[in-house]
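As structure tokens, the structure follows; a few thoughts come after it.
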Amino acid sequence: MTFTETSLQITGPADAGWDAARQAWNLAVDQRPAAVACANSAADVATAIAHARREGLRVAPQATGHGASALGGAQDGALLLKTDRLDAIEIDAAARRARVGAGALSGDVAVRAGADGLAALHGSSADVSVVGYTLGGGIGWLSREHGLASEHVTAIELVTADGVLRSVDANSAGIDGELFWALRGGGGGFGVVTALEFELMPLTHVFAGTLFWPGELAREVLNAYRAWAETVPETVTSTVRLLRLPDLPFVPEPLRDRPVVDVCLSFAGDPADGDALVAPLRAVAPPLIDTLATIPAPQLVRLHGDPEQPVPGLGHHAVLRELTAAGIDALVETAGHASGSPLLSVELRQLGGALARRPEGAGALGAIDGAYVLYGVGTPVTPEVGRAVDERLDAVAAALAPWSTGGAFLNMADRPDGAAARAFDAPTRERLRALKEAVDRDGLIVARG
């Protein structure tokens with residue numbers, strides 16, 4: 001069917017293109033909405049909300065669908081509101097600000113900002129939406145120096161469940177002030193965000209790249225990494241991963257279908273100091289591949305090597321208060337080269353630095369209490385493999401549980417397991433609950449967080 005108010009387009013199950021319209025980026029999620037609405041403007045979003053109310057439907061906003069699994073099927077039977085066409089990007093180089101639509105992708109923003117010698121606080125995936133990433137807090141390659149991406153948001157445009165288009169910022173009061181607070185790290189359940197404005201950082205080049213070693217060296221690499229990570233400045237953000245990459249042409253031949261361990265890092269200090277900084281890592285053993293070099297800052301968005309096309313994935317995460325030698329042993333035993341793990345990747349993302357400090361006027365998240373985020377992912381190529389992946393994800397989380405804070409981080413919460421409640425302390429949860437009650441008493445908006 002075609003809905004002609006404003007430029008909104010709505011596709012139903014009987015229409016051509018239905019399967020493509022309802023598809024999430026994560027192909028492991030088989031979304032079954034009542035209909036799919038494609039918005040071309042903020043006015044379309046308001047029209048879609050009004051239409052959903054008339055039809056007795058909930059509204060599930062979605063730009064790409066990277067985090068679709070976290071909804072646990074709550075989008076089924078709802079109006080799936082696609083915002084990917086709201087992809088405008090405006091860069092104000094003099095003010096060091098960007099304004100982006102809900103569908104703007106991190107890779108595109110990185111390139112546009114980089115043309116003016118600026119960098120956004122994007123994450124590890126080039127094709128994730130900036131808005132979805134930022135609503136959950138947002139950690140990336142510059143985060144230990146600059147903190148959460150959500151803490152650099154200066155204005156938010158959204159349509160609330162009453163159909164009202166709002167623009168909120170640090171000067172907003174009342175409900176609008178609460179919305180500006182909540183949407184900075186508290187998730188997207190308070191309305192449909194149509195645009196964000198945020199600060200950009202002056203940065204042209206960084207020392208960055210990845211060191212890969214055979215998986216048999218995982219314990220040695222992890223222990224060397226742990227000691228190294230405790231000494232590096234806040235201008236360094238890094239991850240360490242246990243990987244088993246597929247035997248496909250785009251994977252470098254030395255890494256195909258074999259267990260490897262890698263350290264991936266970015267150093268935003270003087271690039272001339274980069275080689276000395278990473279010398280302790282290079283000294284562990286000769287790497288299979290060493291890509292560390294001075295690179296243009298826009299290339300950071302692809303440093304992690306995340307896929308840039310829809311793929312199926314099952315993931316799980318935990319926040320760790322520390323990384324110990326015993327924790328490393330537990331990780332290697334459950335996910336290392338001899339463990340029989342079916343997982344594609346298990347990684348530890350370094351936190352600390354500015355991520356641990358809540359700035360004045362912070363949003364709902366503000367900071368993350370922990371030293372690392374543990375994240376594992378596997379590809380459910382068959383139902384049997386999917387079950388094995390889920391079981392191993394549970395086993396890895398259980399093995400590292402003695403070092404877990406018990407908290408959660410929305411951006412990495414792929415399961416509908418109460419992460420939103422565990423991501424915040426009790427006063428913050430109550431404040432978020434009260435705001436949801438005030439702006440969306442009927443629970444019209446369905447979103448992570």
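Values in this text are rule-based calculations from the coordinates and carry no lab data. Computed from a predicted model, the values in this text were never measured in an experiment. Note that we place each Cβ from the backbone using ideal geometry, even for glycine, and neighbour counts take in every protein chain shown.
Which one, 51, 122, 316, has the greatest fluctuation when you compute a Gaussian network model over the chain with C-alpha springs under 10 angstrom?
Its mean-square fluctuation being the largest, the pick is 51.
Helix-only mean residue ellipticity at 222 nm, the chain, DSSP H runs n ≥ 4 weighted -39,500 (n - 2.57), per residue, nearest 500. What is it?
Values: 12 runs with 115 residues, N = 449.
It comes out at -7500 deg cm²/dmol, rounded to the nearest 500.
When a/c is below 1.5 the answer is rounded, else prolate if a/b is larger than b/c, else oblate, so apply that to region 205-421 with a ≥ b ≥ c taken from the square roots of the Cα gyration tensor eigenvalues.
Values: a/c = 1.43, a/b = 1.08, b/c = 1.33.
Rounded, since a/c falls under 1.5.
Take the chain, connect every pair of alpha-carbon atoms lying under 10 Å apart with a spring to form a Gaussian network, then pick out the residue of 220, 384, 347 with the largest mean-square fluctuation.
Ranking 220, 384, 347 by mean-square fluctuation puts 384 first.
Report the local net charge at residue 207: Lys and Arg +1, Asp and Glu -1, summed over other residues whose C-beta lies under 15 Å from its C-beta.
Net charge in that neighbourhood comes out at -4.
Cut-off is 10 Å between beta-carbons; in what order do 201, 412 appear when sorted fewest neighbours first?
Numbers: 201 17, 412 23.
Neighbour counts put them in this order, fewest first: 201, 412.
Based on other C-beta atoms within 10 Å, arrange 82, 436 from fewest to most.
Numbers: 82 23, 436 19.
By the 10 Å Cβ count, ascending: 436, 82.
Please say if region 383-434 is rounded, prolate or oblate, where rounded means a/c under 1.5 for a ≥ b ≥ c the square roots of the C-alpha gyration tensor eigenvalues, and otherwise the choice is prolate for a/b larger than b/c and oblate otherwise? Write out the running numbers ahead of the final one.
Numbers: a/c = 4.13, a/b = 1.89, b/c = 2.18.
Cα axes put region 383-434 in the oblate bin.
Based on the Cα atoms of region 277-357, what semi-axes does the equivalent ellipsoid have, where each is the square root of 5 times one gyration tensor eigenvalue, given in whole Å with the largest first? Could you put the intermediate results ahead of the total?
Details: eigenvalues 106, 81, 65 Å².
Values for region 277-357, descending: 23, 20, 18 Å.
Note down, for region 136-204, the three equivalent ellipsoid semi-axes (square root of 5 times each alpha carbon gyration tensor eigenvalue), biggest first, whole angstrom. Present the calculation step by step, with values, prior to reporting the outcome.
Working: eigenvalues 114, 27, 22 Å².
Over the Cα atoms of region 136-204, the ellipsoid semi-axes are 24, 12, 10 Å.
With r as the distance between the Cβ atoms of residue 173 and residue 50 and R0 = 25 Å, compute the FRET efficiency 1/(1 + (r/R0)^6) and round to 0.05.
On the way: r = 27 Å, r/R0 = 1.07.
E between residue 50 and residue 173, to the nearest 0.05, is 0.40.
For region 37-111, what class follows from the C-alpha gyration tensor (a ≥ b ≥ c being the square roots of its eigenvalues): rounded when a/c is under 1.5, otherwise prolate if a/b is larger than b/c, else oblate?
Details: a/c = 3.54, a/b = 1.79, b/c = 1.98.
Oblate, since a/c reaches 1.5 and b/c is not below a/b.
Can you give the log10 of the normalised intensity I(q)/I(0) at q = 0.28 Å⁻¹, computed with Debye over equal Cα scatterers of region 3-67?
-1.37
Rounded to the nearest Å, what's the spacing between the alpha carbon centres of region 160-219 and region 104-138? Just the number, please.
10 Å
Once fully extended, how much extra length lies between residue 405 and residue 291, figured as 0.36 nm per residue of separation less the alpha-carbon to alpha-carbon distance? Kindly include the intermediate steps, with their values, before the conclusion.
Working: separation 114, 0.36 × 114 = 41.04 nm, distance 3.33 nm.
Working it through step by step, the gained length comes to 37.7 nm.
With springs only between Cα atoms under 10 Å apart, run a GNM on the chain and tell me which of 422, 258, 219 wobbles the most.
Per the Cα network of the chain with a 10 Å cutoff, 258 tops the list.
Exposure proxy check: 38, 264 ranked by fewest other beta carbons within 10 Å?
Values: 38 19, 264 23.
Starting with the residue having the fewest Cβ neighbours, the order is 38, 264.
Could you give the C-alpha radius of gyration of the chain expressed as a fraction of 2.2 N^0.38 Å, taking N as the number of residues it contains? Mind showing how you got there, number by number?
Numbers: Rg = 21.4 Å, N = 449, 2.2 N^0.38 = 22.4 Å.
Normalised Cα radius of gyration, the chain: 0.96.
Counting only C-alpha contacts under 8 Å and six or more residues apart, can you give the relative contact order of region 89-202 as a whole percent? Walk me through the numbers on the way to the answer.
On the way: 228 pairs, mean separation 36.0, N = 114.
That works out to 32 percent.
For region 89-202, report the % of Cα-Cα distances exceeding 17 Å. Don't skip to the answer; put the middle values down first.
Numbers: 3187 of 6441 pairs.
Result: 49 percent of Cα pairs exceed 17 Å.
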